[in-house]
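A short worksheet on the structure shown next.
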Amino acid sequence: MSQNTDNKTLELPEIINAVSSEFLHLLKHLDPDFTIENITFDDKVAIYRKGAFLGLNCDHSRLAYIPIARLNRFNLPSTSTLTNSLPIFLEMLLPYNVGCKELRSSFAVQTTVRRALAATGVILPEGMIFKLEQHFNTPKLDIKHIKTGIADVYRLPRLQNGSLGSSCMQGKPEKYFEIYDNEPAIGCLVATDQDGYLVGRAITWQVDSGATCCDRRYGTSSYIEEALVTYAKNNGMYCKSNNNYDEVDSWQGANDRLTSISQSVTLTQRYDYYPYMDTFRYFNTQDKLLYCVDDINHNAMLNSTDGYTTLLVCCEECDAFCDDSEISSIQGMDICESCVDAYYHRCDHCDEYDHYDNMTATKDDDRVCQTCLDNHYQTCDECNGYVLDNDIYHFGCGDICAHCVEGARP
């Protein structure tokens, strides 16, 4: 940038070239198709903040800094003359060398990049923000696929950030993870940084169909989680597409996906304790089978963070296994909520559930159970409708309901 700039008014292209060229070059390097038209800004935040420019110095080891005094040499045009796609300055909020201790946490990089953009009102597409996070977060990751010692992973020192920092099973008793160390079908992807700290992990499953499935990824940042996905796919694994505890949407490989989302894992034995399972949580205790979808064959759920198995109750109507909270006792039988809604009705007289097949419609369009029908209703000899005992009149010609009596009057 020229030092002879006092009282000079730069045209917009000159400002871009003189002040923002490094930052724009970085964006172009990260995405060759990126153009300045992809940038917008928040009108509520001043573009020309007195600060510094978010960029890299020549060797890309430290973020470049432009002193406030140098910015003040220019008579910059007012923001009102700018189009909504041409922000120029970014406040300097990342003063660290990327390799220094302060930024070894990828979470710190991630939040600071977004703070820098938000503080200056600069709005980039989410995909570009993610690329910037990846660019500044360049720790040397060591990712391994281990088959033994998985329980030890849950006791490794770790950074308290991201989804890994909030994992419900980190630090739980070792006995909860016995299944991980004893089942040949179970492995674990482990990501550590250059200091040996755990920054990411993911359980893997050798499913009965022969494929290897990578379960939910936990990391100190989205960058770590994506690095685990890349490693898994590059090594022939299929990753759970939705990275959460919901049922799997699909199993995605490097170039294809598994034809069926429904996968199972056959265990070699049963265990006294089980960890909370994000995906393969449907358990058939008899056949020692784990399922990743709500299959009718399971009778237990591995959804406890306290190591126990949630045994399910079998619905006597449809034979499905359900949580105890979803079961109603009707006529001495265990019935699930779905079957209650589909096949059962509350008696309009006693307010107890009974099967639709056992219900009878009355003269007043109520539906009553057989017990109430026998004890509290009679049949009108005129219309053959069922009416309450109190609504029947007894004549020599028969028992007549009030409605028929009223209709017979002249």
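Residues considered: Gln269, Gln286. Of these, the only one that is within 19 Å of Cys322 (Cβ to Cβ) and loosely packed, with under 14 Cβ neighbours inside 10 Å is Gln286. The residue that is surrounded by the fewest Cβ atoms within 10 Å (Cβ to Cβ), among those in region 309-325 that are out of contact with any Leu (no Cβ under 9 Å at 6 or more places or on another chain) and outside any strand (DSSP E or B), is Ser325. Taking region 187-225 as the range and being assigned to a loop (DSSP other than H, G, I, E, B), within 17 Å of the chain's Cα centre (by Cα) and either modelled with pLDDT of 95 or more or not β-branched (Val, Ile, Thr) (or both) as the test, only Ser221 passes.
What about Asp351, is it assigned to a loop (DSSP other than H, G, I, E, B) and within 30 Å of the chain's Cα centre (by Cα)? So Asp351 does not fit the description; no. Beta carbons closer than 9 Å, at least 6 apart along the sequence or on distinct chains, pair a first residue in region 320-333 that is within 12 Å of Asp354 (Cα to Cα) with a second that is of a type in the set (Ser, Thr, Tyr) and surrounded by 14 or more Cβ atoms within 10 Å (Cβ to Cβ) for Ser328/Tyr344; Ser328/Tyr353; Ile330/Tyr344; Ile330/Tyr353; Gln331/Tyr353. Listed conditions (1) under 21 Å from Leu312 (Cα atoms); (2) surrounded by fewer than 18 Cβ atoms within 10 Å (Cβ to Cβ) are all met by Asp366, apart from (1).
Of the residues examined, Ile335 is not one that is buried (at least 18 other Cβ atoms within 10 Å of the Cβ), assigned to a strand (DSSP E or B) and either more than 46 Å from the chain's Cα centre (by Cα) or modelled with pLDDT under 85 (or both). Scanning region 131-146 finds one or more residues that are crowded, with 21+ Cβ neighbours inside 10 Å, outside any helix (DSSP H, G or I) and over 22 Å from the mean Cα position of the chain (by Cα). Taking the criterion of being part of a loop (DSSP other than H, G, I, E, B) and touching a strand residue (DSSP E or B) at 6+ places or on another chain (Cβ under 6 Å), the residues of region 354-382 that qualify are Met359, Thr362, Lys363, Cys369, Cys380, Asp381, Glu382. Restricting attention to region 246-261, the residues that are closer than 22 Å to Ala320 by Cβ and either more than 21 Å from the chain's Cα centre (by Cα) or surrounded by 14 or more Cβ atoms within 10 Å (Cβ to Cβ) (or both) add up to 3. From the list Thr212, Thr230, Thr204, which one is in contact with a Cys (Cβ under 8 Å, 6 or more places away or on another chain) and either among the hydroxyl-bearing types (Ser, Thr, Tyr) or farther than 15 Å from Gln252 by Cβ (or both)? Every option except Thr204 fails the conditions. For the residues Tyr218, Tyr223, the requirement of being within 23 Å of Gly307 (Cβ to Cβ), touching a helix residue (DSSP H, G or I) at 6+ places or on another chain (Cβ under 9 Å), crowded, with 19+ Cβ neighbours inside 10 Å and aromatic (Phe, Trp, Tyr) singles out Tyr218.
When every residue of region 385-407 is checked against the conditions, none turns out to be in contact with an Asp or Glu (Cβ under 6 Å, 6 or more places away or on another chain), among the acidic types (Asp, Glu) and part of a loop (DSSP other than H, G, I, E, B).
The values are calculated or read from the model by the stated rules, or taken from the named source; none is laboratory data. The shown structure was predicted, so the numbers you read here are calculated from the model rather than taken from an experiment. Glycine gets a Cβ as well: all are built from the backbone with ideal geometry, and neighbour counts include every protein chain shown.
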